[in-house]
1. Of the numbered conditions (1) at pLDDT 95 or above; (2) touching a Gly at 6+ places or on another chain (Cβ under 9 Å); (3) not charged (D, E, K, R), Pro71 satisfies every one except a single condition; which is it?
2. Identify the residue in the range 100-122 that is open to solvent by less than 60 Å² (accessible area, probe 1.4 Å) and not in a loop (DSSP other than H, G, I, E, B) and, among all such residues, is farthest from Tyr48 (Cα to Cα).
3. Under the condition of being over 13 Å from the mean Cα position of the chain (by Cα) and on the phi < 0 side of the Ramachandran plot, which residue from the range 40-58 is most open to solvent (accessible area, probe 1.4 Å)?
4. Quick one: is Ala77 surrounded by 10 or more Cβ atoms within 10 Å (Cβ to Cβ) and closer than 16 Å to Gly51 by Cβ?
5. Got a sec? Which of Gly66, Gly82, Gly51 is more than 25 Å from Ser106 (Cβ to Cβ) and free of Cβ contacts under 8 Å to residues at least 60 places away in the same chain?
6. Pick from the range 85-99 the residues that are assigned to a loop (DSSP other than H, G, I, E, B), touching a residue at least 40 places away in the same chain (Cβ under 8 Å) and in contact with a Cys (Cβ under 9 Å, 6 or more places away or on another chain): which of them is least open to solvent (accessible area, probe 1.4 Å)?
Amino acid sequence: MVPATPGVPGERPGQSGDVSRSLTAGPDLPEDADEAPLLDGGATITPYRDGPLIVRGDFRLVDQDGAEIDPGRDTIALCRCGKSGIKPFCDGTHKRSGFSAPSAPSRPRPAAQILREARRES
């Protein structure tokens with residue numbers, strides 16, 4: 001097991017992506033991981049600043065061949081840095097590797113803007 005790293009800049013107290021339970025249980029999740037509202041009973045995916053993608057709600061996780069991956073819980077942390085030892089799940093390696101990424105895109109995606117405008121016109 002990897003101990004939590006206290007006092008990481010930009011991280012709220014108790015927020016951790018480190019593995020503190022077995023692989024079947026998954027890594028620790030941020031304290032507010034279950035607080036995001038779900039839309040229509042579906043999944044919500046939240047990129048955490050300098051950390052993992054938190055997936056909450058009703059989702060199915062499959063590999064590229066369509067084989068189901070059992071996450072063992074309703075809220076999971078997916079690796080975004082590419083260095084986790086338990087991919088696709090986060091094990092907290094992003095902290096030690098210096099991974100840096102914002103929570104939101106730095107600029108809008110052109111395709112997303114076109115789709116939004118098309119929906120407004122409908």
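The values are calculated or read from the model by the stated rules, or taken from the named source; none is laboratory data. This one's a predicted model, so the numbers in the text were calculated from it and none came from an experiment. Neighbour counts are summed over all protein chains in view; Cβ atoms, including those assigned to glycine, are modelled from backbone coordinates with ideal geometry. Just so you know, the surface numbers come from the protein's heavy atoms only, side chains and all, with ligands and any DNA or RNA stripped out. Shrake-Rupley method; radii C 1.70, N 1.55, O 1.52, S 1.80 Å.
1. (1)
2. Top of the filtered list is Ala118.
3. Checking each candidate, the answer is Asp58.
4. Taking the combined requirement at face value, the residue satisfies it.
5. Gly66
6. Cys90
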